[in-house]
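Take a look at the structure set out below.
The values are calculated or read from the model by the stated rules, or taken from the named source; none is laboratory data. Just so it is clear, the structure is predicted and the values come from calculations on it, not from any experiment. Positions of Cβ are backbone-derived with ideal geometry, glycine not excepted, and every protein chain shown enters the neighbour counts. Surface areas here come from the heavy atoms of the whole protein model, side chains and all, with no ligands, DNA or RNA. Shrake-Rupley method; radii C 1.70, N 1.55, O 1.52, S 1.80 Å.
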Amino acid sequence: MKFSQMPYSRPEFDEINKTMSALINDMKNARNKEEGFACYKRYDDCFRSVYSMLSLAYIRNSLDTNDTFYSAERDYVDEVEPKLTALVQDFNLALLASPFRKDFEAEWGTILFDKISMALKTFKPEIVGDLQEENRLTTAYDKLIASAQIEFDGKVHTLAQLQPYHENTDRSVREQSMMARAGWYMGNSEQLDSLFDDLVKVRTRIAAQLGYSNFIQLGYYRMQRLSYSREMVEAFRSGVLSYITPIVRRLKAAQAERIGAETIKIFEDTFEYPDGNAKPTGTVDEIFAHGKKMYHELSGDTAEFIDFMLENELFDVLTRPGKSGGGYCATIDEYKSPFIFANFNGTSGDIDVLTHEAGHAFASYMTRDVYPSDLRDCTYETAEVHSMSMEFFTWPWMEGFFGDMTGKYRNSHLAGALTFLPYGSMVDAFQHYVYENPGVSPKERNSYWLELEGKYRPYLDLAGFPFYGEGRRWQAQSHIYENPFYYIDYCLAQTMALAFWAEDQKDHANAWKKYKSFVSLAGTRTFTEALAEAGLPSPFQPETLKTVADAAVKWLI
């Protein structure tokens, strides 16, 4: 079904509550395993429908935050989600206590019950009000970012529309456009501080009510980290700091020499070539035409996938006033449909929509029939391996997007994979500090961010530049507000994507076979189990970072 034709109706809580009460009772009173399985199927069908409606409300609100109907529906979603969580918890408790649990495990494996047990550690009915408040605050941040209207070059721009100016070949344009961006953030700095203060307070309060000393352990449970710990993440960050940061300093020194800069100022960070960065050469229609050709040639599965996406209007990529910032891939389970949301701005990031976000969508499409639904949903770091690896598997088709700038693109893309690792690790370290010290002031938070900049990105010259020089760059990172502890997942996934890239350089057929195997596992394995089953190394092994970085540096140099 086409996206525009997908009907939306508000999932009324009273009706869901009535249905769930009956299902919980049926699960508790199932007389045999057949009745137990049939009950679970009705539960799965119920929530597939409910969450599809919530997903439609979220997407359509993102498409136009000024739409009063879907704005009200988004508010309703923020209110009802915690109450739905309470219903799910009650059903899961009945499932865990079922005398037929061994039959369920024999059919589905134990990971479903491991996920349920971890989810139970993140909720109790007493926190519903605070969860609603957390949702309200993250929505307020999203709306604030979407509301940006920045005057520059005689026009009014959203934050996404301003991005091409940051890559302009004229240094003064780059500097002034970054000043305009910084000015908007500084003009909203008090609101940004207030929103984050309130988010830290409510998350800390939720953690305390659940019996945790701070939000960190709860954050890890929310992320469903079944196969690695905080200590393993800290060791990974340490590896990035000791091994990757020195490599990035070399790459950035070469960039500075290439563009004729003494140091890498914040407005030079993404400007890599004196005659301009690589950018797509075609129109939006031409980009999508080549994207279709690319996926038809990559494999039969990707051909089927891209045809489904295009025929069913499952892309919205043009930026416009009132549209939320950033990009994402969501899934509407009722119609087995991924949806890709993005903001094209004429930079190479537009092609990432057809590689990164399409990597998410491809994985969703390939696992659309996995049952139960909870086994279709993998954890975030696994999902990011899907997307980041697809970026590299599509390298052979980049000429159709970039023409004679393809060499620039590939160099920037591979170097960018390395330079991202210190930044992503820094975001994670910052969040650990914040939630270990929830009472720190905004000024203390900013000072700590600057300290991390000096450790992880010592090549970057922030002195005297508004917003960035004051240690406020973190306020532009939506994940810090909306998805705490998500960002390290990108780093773990980037490491594995580099492993796929190195394998692809040697043997494409084998690399693609491993990738499909990894994707097909969906959420039926933990992250590290899925890597092992697909024949991939673990990013937590000390030598993995070194091995993949050495391969990338060898190609770059």
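Points to keep in mind about this one:
- A Cβ distance below 6 Å, combined with a sequence gap of six or more or placement on separate chains, defines the contacts here; from the stretch 224-245, residues that are closer than 17 Å to E436 by Cα reach residues that are surrounded by 19 or more Cβ atoms within 10 Å (Cβ to Cβ) and of a type in the set (V, I, T) in the pairs V233/I488.
- None of A303, A330 is modelled with pLDDT of 95 or more and in a helix (DSSP H, G or I) except A303.
- Consider the stretch 11-39 and keep the residues that are in contact (Cβ under 8 Å) with a residue 24 or more places away in the chain and open to solvent by 50 Å² or more (accessible area, probe 1.4 Å). The one that is farthest from E81 (Cα to Cα) is N32.
- Matching residues, the stretch 313-349, being open to solvent by less than 10 Å² (accessible area, probe 1.4 Å), within 23 Å of T139 (Cβ to Cβ) and of a type in the set (S, T, N, Q): S324
- Among the residues of the stretch 481-507, those that are in a helix (DSSP H, G or I) and free of Cβ contacts under 8 Å to residues at least 24 places away in the same chain comprise E503, K506.
- Here F113 clears all of (1) open to solvent by less than 50 Å² (accessible area, probe 1.4 Å); (2) part of a loop (DSSP other than H, G, I, E, B); (3) over 18 Å from I332 (Cα atoms); (4) not small (G, A, S) except the condition numbered (2).
- Checked against the criterion of being open to solvent by less than 30 Å² (accessible area, probe 1.4 Å), at pLDDT 95 or above and acidic (D, E), the stretch 514-532 has no qualifying residue.
- Given (1) open to solvent by less than 50 Å² (accessible area, probe 1.4 Å); (2) under 25 Å from the mean Cα position of the chain (by Cα), index of the condition A86 fails: (2)
- A count restricted to the stretch 255-276 and to residues that are open to solvent by 70 Å² or more (accessible area, probe 1.4 Å) and either in contact with a Gly (Cβ under 6 Å, 6 or more places away or on another chain) or of a type in the set (A, V, I, L, M, F, W, C) (or both) stands at 0.
- Counting the residues of the stretch 376-429 that are part of a helix (DSSP H, G or I) and over 19 Å from the mean Cα position of the chain (by Cα) gives 20.
- Any hit, the stretch 203-214, residues being hydroxyl-bearing (S, T, Y), farther than 16 Å from P442 by Cβ, touching a helix residue (DSSP H, G or I) at 6+ places or on another chain (Cβ under 9 Å) and not in a helix (DSSP H, G or I): yes
- Residues of the stretch 389-408 classified as open to solvent by less than 10 Å² (accessible area, probe 1.4 Å) and either within 27 Å of Y220 (Cα to Cα) or in contact (Cβ under 8 Å) with a residue 60 or more places away in the chain (or both), total: 8
- Among residues of the stretch 40-62 that are farther than 28 Å from A342 by Cβ, those with a Cβ under 6 angstrom from a residue that is hydroxyl-bearing (S, T, Y), sequence gap 6+ or separate chain, pair up as D44/S373; C46/T19.
- Residue in the stretch 263-272 that is touching a Leu at 6+ places or on another chain (Cβ under 7 Å), under 20 Å from L414 (Cβ atoms) and among the aromatic types (F, W, Y) present: no
- Selected residue (only one of K279, K252, K292 is assigned to a helix (DSSP H, G or I), among the charged types (D, E, K, R) and surrounded by 18 or more Cβ atoms within 10 Å (Cβ to Cβ)): K252
- Answer from T169, T122 - the residue that is of a type in the set (V, I, T), surrounded by fewer than 18 Cβ atoms within 10 Å (Cβ to Cβ) and assigned to a loop (DSSP other than H, G, I, E, B): T169
- D75 meets all of the listed conditions (1) in a helix (DSSP H, G or I); (2) open to solvent by less than 20 Å² (accessible area, probe 1.4 Å) but one, namely (2).
- The stretch 51-74, residues that are touching a strand residue (DSSP E or B) at 6+ places or on another chain (Cβ under 8 Å) and closer than 18 Å to G326 by Cβ: S55, Y58, I59, S62, L63
- All positions within the stretch 285-308 that are within 24 Å of the chain's Cα centre (by Cα) and closer than 30 Å to A148 by Cα: I287, F288
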